[in-house]
Amino acid sequence: GAVVSQHPSWVICKSGTSVKIECRSLDFQATTMFWYRQFPKQSLMLMATSNEGSKATYEQGVEKDKFLINHASLTLSTLTVTSAHPEDSSFYICSASWEGGLAFFGQGTRLTVV
Amino acid sequence: AQSVTQLDSQVPVFEEAPVELRCNYSSSVSVYLFWYVQYPNQGLQLLLKYLSGSTLVKGINGFEAEFNKSQTSFHLRKPSVHISDTAEYFCAVSDQGGYQKVTFGTGTKLQVIP
């Protein structure tokens, strides 16, 4: 299957700083990428949908100014958690798909804000 | 909109015993169905998917699932589990019109006991 890579796999940052997470489709061009968040012992919740070259569509309750999503190319989308706080600590997973294709998931990024 | 229900949050089972993880879904449109596995501190791996055709779907690692439209179920089964099957299993659904956007169940933790 297609390969989606996330970087970093884990990150620890200080409260108030910003963190950028990258999601790359390694062997296909991803017209659409999705970002999910998973709190401990809970399921994955969709945060936003991004299409290459356009603004991301955020799910209800997700702060767009806090979670900045950029999908500048067909192989890269980034999620920036701005002014991170301990409550933002979570597991973030992206998925990517091409036109007409199924979504493939990255390995996830564990963010810990201290 | 779709929803997925995984009634069992945890399923303990002895090694080499059979297991069934239950999944029911709700949708007003035709759907695609998926099972994903998540090992500790890792991303999602697709176990199997139902898109169309035969209602019995075989996946990786000896797992299979059966789509039952009348009961809106997609239960996951394995005839003989191994210690390495210990993980979190997520049932997921997407509508056939927007099959890249996936809605997840709350997950079932399979604990294989030696």
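Where the accessible area of the range B:12-73 is counted over protein heavy atoms with a 1.4 Å probe, how much of it, in %, is carbon and sulfur?
It is 48 percent, rounded to a whole number.
Please tell me the relative contact order of the range A:8-57 in percent, rounded to the nearest whole number, where contacts are Cα pairs under 8 Å and at least six residues apart.
25
Taking Cβ-Cβ under 4.7 Å as the only way to count a partner, pick out the unpartnered cysteines of the protein assembly as shown.
Taking the Cβ cut-off of 4.7 Å, the unpaired cysteines of the protein assembly as shown are A:Cys13.
Across chain B, how many lysine pairs, 8 or more positions apart or on different chains, have C-alpha atoms separated by under 18 Å? Please give the number. Walk me through the numbers before you get to the answer.
Numbers: B:Lys49/B:Lys58; B:Lys49/B:Lys69; B:Lys49/B:Lys78; B:Lys49/B:Lys101; B:Lys58/B:Lys69; B:Lys58/B:Lys78; B:Lys78/B:Lys109.
Eligible lysine pairs with Cα atoms under 18 Å apart amount to 7.
Which residues, if any, in the range B:61-91 lose at least 20 square angstrom of accessible heavy-atom surface (probe 1.4 Å) when the other protein chains sit next to their chain rather than the chain being alone?
Going by heavy-atom accessible area, the residues of the range B:61-91 that drop by at least 20 Å² are B:Phe90.
Take every Cα pair under 8 Å in the range A:11-107 that's 6+ residues apart, average their separations, divide by the length, and report that relative contact order as a whole percent.
37
How many angstrom lie between the Cα centre of the range A:22-101 and the Cα centre of the range B:35-57?
The range A:22-101 and the range B:35-57 have Cα centres spaced 21 Å from each other.
Total accessible area buried between chains A and B, 1.4 Å probe, in Å² to the nearest 100? Before the final figure, lay out each step's value.
On the way: alone 6330 and 6270 Å², together 11120 Å².
In total, this chain pair buries about 1500 Å².
When ligands, DNA and RNA are left out and all protein chains stay put, how many square angstrom of accessible area per residue does chain B have with a 1.4 Å probe?
Numbers: 5540 Å² over 114 residues.
Heavy-atom accessible area per residue stands at 49 Å².
Could you calculate the contour length gain from B:Ser80 to B:Glu16, that is, 0.36 nm times the residue separation minus the distance between their Cα atoms, to one decimal place in nm?
22.6 nm
Got a number for the accessible area of A:Trp98? Probe 1.4 Å, square angstrom, nearest 10.
Per-residue accessible area (A:Trp98): approximately 100 Å².
Counting alpha carbon pairs within less than 8 Å and at least 6 residues apart, what relative contact order, in whole percent, applies to chain B?
On the way: 288 pairs, mean separation 42.8, N = 114.
About 38 percent, as a whole number.
Of A:Leu46, B:Leu76, which has the most accessible area and how do the rest follow, probe 1.4 Å?
Output order, biggest surface exposure first: A:Leu46, B:Leu76.
How much solvent-accessible surface does B:Tyr39 expose, in Å² to the nearest 10, with a 1.4 Å probe and all protein chains in place?
We get 50 Å² for B:Tyr39.
The values are calculated or read from the model by the stated rules, or taken from the named source; none is laboratory data. Here the structure is a predicted model, which means the values were calculated and not measured. Positions of Cβ are generated from backbone atoms using ideal geometry, with glycine treated the same way; all protein chains shown enter the neighbour counts. Heavy atoms of the whole protein, side chains included, go into the accessibility calculation; ligands, DNA and RNA do not. Shrake-Rupley method; radii C 1.70, N 1.55, O 1.52, S 1.80 Å.
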